[in-house]
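**Student:** The structure that follows is given in the form of structure tokens.
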Ligand SMILES: [Zn+2]
């Protein structure tokens, strides 16, 4: 049987966003984060951290410094009886157009292969709309937390759930999230993005998304909300910036 994961953004979601944190001394857990991770672990979810660390490309953080921060993060959680199953990071600059920077799904595909993750039943929790897009793109559900940058993020597309913080997000996944259909907005928005950037997408995932759209009974209910998003993007079928 395949594993189901909760992909977790790091800065602004699990720990306070300290803007290119490069010292383990500055590591500070967001209130409720530790009990939240414990709840998810007890629920049987694999805990996988996925973090964009462009500070490495910008020479503001070294890989060694980041590893020291991750060692402390894993260590503190371990003392609390929590096992982080894996940490994946993207060291690239936003302009590198890499495959691994969220919302691209390189890190999810890598985790899926390495840890046998069933991506379509998995979740991502983060404080940026790119975390929600990331989830939609790998075929899972995306939750925006209002900690970190979350309060300032434009909620387009509409996340599957908007949570006060990681604890609220974990509670939603356990109580509700695995039982309800995926948010059509996120799925459709990602198809629009995929059409603009075919090189960063994988066909198997596209089929999963298409299938989930066909199977999704809440399509009509969400159509109205999606039309708002469509207006925002003008024409999702037409590449905005052909390269
Ligand atoms: Zn990358």
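**Student:** Rg and Dmax of segment 5-177 over Cα atoms: what are they, in angstrom?
**Tutor:** 14.6, 42
**Student:** What spacing in nm lies between the two simple spin-label points modelled at residue 156 and residue 23, each 7 Å away from Cα in the Cβ direction?
**Tutor:** Rounded to a tenth, the inter-label distance reads 4.1 nm.
**Student:** While we're looking at this one, here's another question. Hey, what D do you get for segment 37-76 in µm²/s if you plug the Kirkwood alpha-carbon radius into Stokes-Einstein at 37 °C and 0.692 mPa s?
**Tutor:** Working: Rh = 11.9 Å.
Result for D is 277 µm²/s.
**Student:** Now a separate question. Suppose each label sits 7 Å from its Cα in the direction of the beta carbon; what would the residue 31-residue 71 distance come out to in nanometres?
**Tutor:** For residue 31 paired with residue 71, the spin-label model returns 3.2 nm.
**Student:** Would you mind calculating the gained length between residue 63 and residue 80 on full extension (0.36 nm times residue separation, minus the Cα-Cα distance), in nm to one decimal?
**Tutor:** Numbers: separation 17, 0.36 × 17 = 6.12 nm, distance 2.57 nm.
Once the chain is fully extended between residue 63 and residue 80, it gains 3.6 nm.
**Student:** Would you calculate the separation in nanometres between label points at residue 96 and residue 174, each defined as 7 Å from the Cα along the Cα-to-beta-carbon direction?
**Tutor:** Taking the two extended label points, one gets 3.7 nm.
**Student:** To continue, here is another question. What is the distance in Å between the Cα centres of segment 45-69 and segment 1-31?
**Tutor:** So the separation of the two Cα centres works out to 10 Å.
**Student:** Next question, about the same structure. What fraction, in whole percent, of alpha-carbon pairs in segment 1-106 exceed 18 Å separation?
**Tutor:** Details: 2681 of 5565 pairs.
Cα-Cα pairs of segment 1-106 separated by over 18 Å account for 48 percent.
**Student:** Please quote Rg/Rh for segment 1-45 to two decimal places, taking the Kirkwood radius as Rh and restricting both calculations to Cα atoms. Before the final figure, lay out the partial values.
**Tutor:** Numbers: Rg = 12.7 Å, Rh = 11.9 Å.
In segment 1-45, Rg relative to Rh is 1.07.
Quick note: the coordinates plus some simple rules give every number you see, no bench work behind them. A quick note: this is a predicted structure, and the numbers were derived from the prediction, not measured. All Cβ positions, even for glycine, are placed from backbone atoms using ideal geometry, and neighbour counts span all protein chains on display.
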